[in-house]
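Peer 1: Please find one structure pasted underneath; my questions will follow.
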Amino acid sequence: MSGAVRDLTTFQRWARRALPEGLVFLGPDPHHALGFFDLAPRLAIAAADRPPALVALEAMGARVWSPERLAAGGPGGAGAGPDAGEGEDEGGRGSAGLAAAPGFTAWLGSLAGPDSRPPPVAVFKPSHRLEQLAAAAGWQLLSAPAGLARRWENKVAFRERAAALGLHQPAGMVVDAAVGFAAVADGLGSPFVLQAPHGYSGARTLLVGDAEALQVARAALRAPRLRATAWVAGRPVTLNACVTAAGVAMSAPCVQVTGEAGLTRHSLGSCGNDWSWPGLAALDLTAYGRTVRVLGEALADDGFRGIFGVDFVQPLDGGEPWLIEVNPRLVASVSLHAQLELRAGRLPLAARHVMALLDPAADALPLDLHEGPLAGGQLILHNLGAGPRAWERSTGAGAWRGAAGGAEGSPACLIRQSPDDTCLLLPPPADRRVAGGAEWGRIQCPQGALDEAGAVRSDLLSAAAGLLAAGDWPTRAEVDA
């Protein structure tokens, strides 16, 4: 299709030829698309509604579409049911629901060039229904096959896959309705972690410490077979990687913020990432790289190409990291990671994802390009209440110093627009209904979100609580009371 890509300049030259009509990002949460704005020559976004960040991006030249019934405050919310995640129906807000909505096909067709072909469509998470819609309408879906991704993402089946590959994972077992608490605790200890085959952001990952908790967890997870894993003490670490034509490229690791009471109601829920924590410099990347390469090569043998995320727990004594799971798709850290890599002066891993799916032979970059350290982090904010709430404030996106009043100065949505002494606030639009436990916004920081001890910065936790209070939403203290 075009010449070899060796740096940011040659990628931009390739993108102008390979993506003459730009790139479309389709999904319920347009914040996942922000990292592609400085990569694609003409980014277009189809989203359920227009949060302030998307309004700011549209003013910068992004082309935007939202279905009228949702953009105008129709049914659904940020998850139509409790803890709904991308790939579920979400009251029509999911990628497939958006692609099936009246007006999407016509809007996509309006972006077509002289050859009448619309731009390729990238998604956060593929699905069979989305593939059917793309095939029927004749547009290109830029993602790995949904069936392949779902097989690898299945947490119950992944234990067996990882064991067959000889990877270092905590002790575990598959639990069905006939297995009682004592049998699991005798084999794994107590407490242990119980997971449904599929979940999102820790919403279906529970810590079980007694027989009553197991009964409650089974009712909540609603699956005939569950994965039980021994609880291992340590720090959650995650990294992204990409299956390219030349091999597996791995990113620098980040701390995965998990179970922070002021940010998520789930004890093991994912609620942020941080690449700045000084302790990351002490990690043995050789051990991480070995696991990631084995996983990536197995995924490649199965036909996978593009970005995948891998979660670990790093033991506090500095031993070999425990492998937890793999997510063969874009993950919640990709958008900010791409912006931080651009800020560090290198071509992002996200660019290799696009090449891997469109023109694999173009990628001539070194596989270790992305392993250098980065600075920056984000907190992902969730509705801590049990039921849905409407975000009734009108809060802008932009540079922010922690005041509950919101962003200051001109609207902004990219980390490059946030001065080093500020953070970037990405709130929901006014009147958005957010399901209990679901994400409602993000705080992104050029200098990181954790302190030197690896704890979430106290000023950010206070600010998050202030935002909740100002929005007339429950804080964790009120939920616990």
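The values are calculated or read from the model by the stated rules, or taken from the named source; none is laboratory data. Everything quoted here is computed from the prediction, not taken from an experiment. Reconstructed Cβ throughout: ideal geometry from the backbone, glycine too, with neighbour counts over all protein chains shown. Heads up: the accessible areas ignore ligands, DNA and RNA and are worked out on the full protein's heavy atoms, side chains in. Shrake-Rupley method; radii C 1.70, N 1.55, O 1.52, S 1.80 Å.
Peer 1: Select from the stretch 57-95 the residues that are open to solvent by 10 Å² or more (accessible area, probe 1.4 Å), modelled with pLDDT of 95 or more and outside any loop (DSSP other than H, G, I, E, B) and list them in ascending order.
Peer 2: Correct list: E58, A59, R63, V64, W65.
Peer 1: The conditions are (1) within 22 Å of the chain's Cα centre (by Cα); (2) surrounded by 24 or more Cβ atoms within 10 Å (Cβ to Cβ), and L226 fails exactly one of them. Which is it?
Peer 2: Here L226 meets the rest and fails (1).
Peer 1: Let me ask something additional. So, in the stretch 442-481, how many residues would count as being at positive phi and surrounded by 15 or more Cβ atoms within 10 Å (Cβ to Cβ)?
Peer 2: Initial filter on the stretch 442-481 (at positive phi): 448, 454, 472.
From the residues that got through so far, the ones that are surrounded by 15 or more Cβ atoms within 10 Å (Cβ to Cβ) too are 448.
Count: 1.
Peer 1: Exactly one condition in (1) in contact with a helix residue (DSSP H, G or I) (Cβ under 9 Å, 6 or more places away or on another chain); (2) free of Cβ contacts under 8 Å to residues at least 60 places away in the same chain is false for G398; which is it?
Peer 2: For G398, the failing item is (2).
Peer 1: Looking at L336, is it of a type in the set (A, V, I, L, M, F, W, C) and under 20 Å from A449 (Cβ atoms)? Outline the logic, then answer.
Peer 2: Values: of a type in the set (A, V, I, L, M, F, W, C): yes; under 20 Å from A449 (Cβ atoms): yes.
Considered against the rule, which asks whether it is of a type in the set (A, V, I, L, M, F, W, C) and under 20 Å from A449 (Cβ atoms), L336 comes out as yes.
Peer 1: Another question, then. Mind telling me which of the residues L384, L336, L323, L365 ends up being closer than 29 Å to R16 by Cβ and not in a helix (DSSP H, G or I)? Give the derivation first.
Peer 2: Working: L384 fails: closer than 29 Å to R16 by Cβ; L336 fails: not in a helix (DSSP H, G or I); L323 fails: closer than 29 Å to R16 by Cβ.
Unique residue meeting the criteria: L365.
Peer 1: With L194, L165 as the choices, which residue is touching a helix residue (DSSP H, G or I) at 6+ places or on another chain (Cβ under 6 Å), open to solvent by less than 10 Å² (accessible area, probe 1.4 Å) and closer than 17 Å to E325 by Cβ? Can you show your working first?
Peer 2: Working: L165 fails: open to solvent by less than 10 Å² (accessible area, probe 1.4 Å).
It is L194.
Peer 1: Then there is this: Quick one: would you say L342 is in contact (Cβ under 8 Å) with a residue 24 or more places away in the chain, open to solvent by 10 Å² or more (accessible area, probe 1.4 Å), in contact with a Lys or Arg (Cβ under 8 Å, 6 or more places away or on another chain) and not acidic (D, E)? Can you show your working first?
Peer 2: Values: in contact (Cβ under 8 Å) with a residue 24 or more places away in the chain: yes; open to solvent by 10 Å² or more (accessible area, probe 1.4 Å): yes; in contact with a Lys or Arg (Cβ under 8 Å, 6 or more places away or on another chain): yes; not acidic (D, E): yes.
Yes: the conditions hold for L342.
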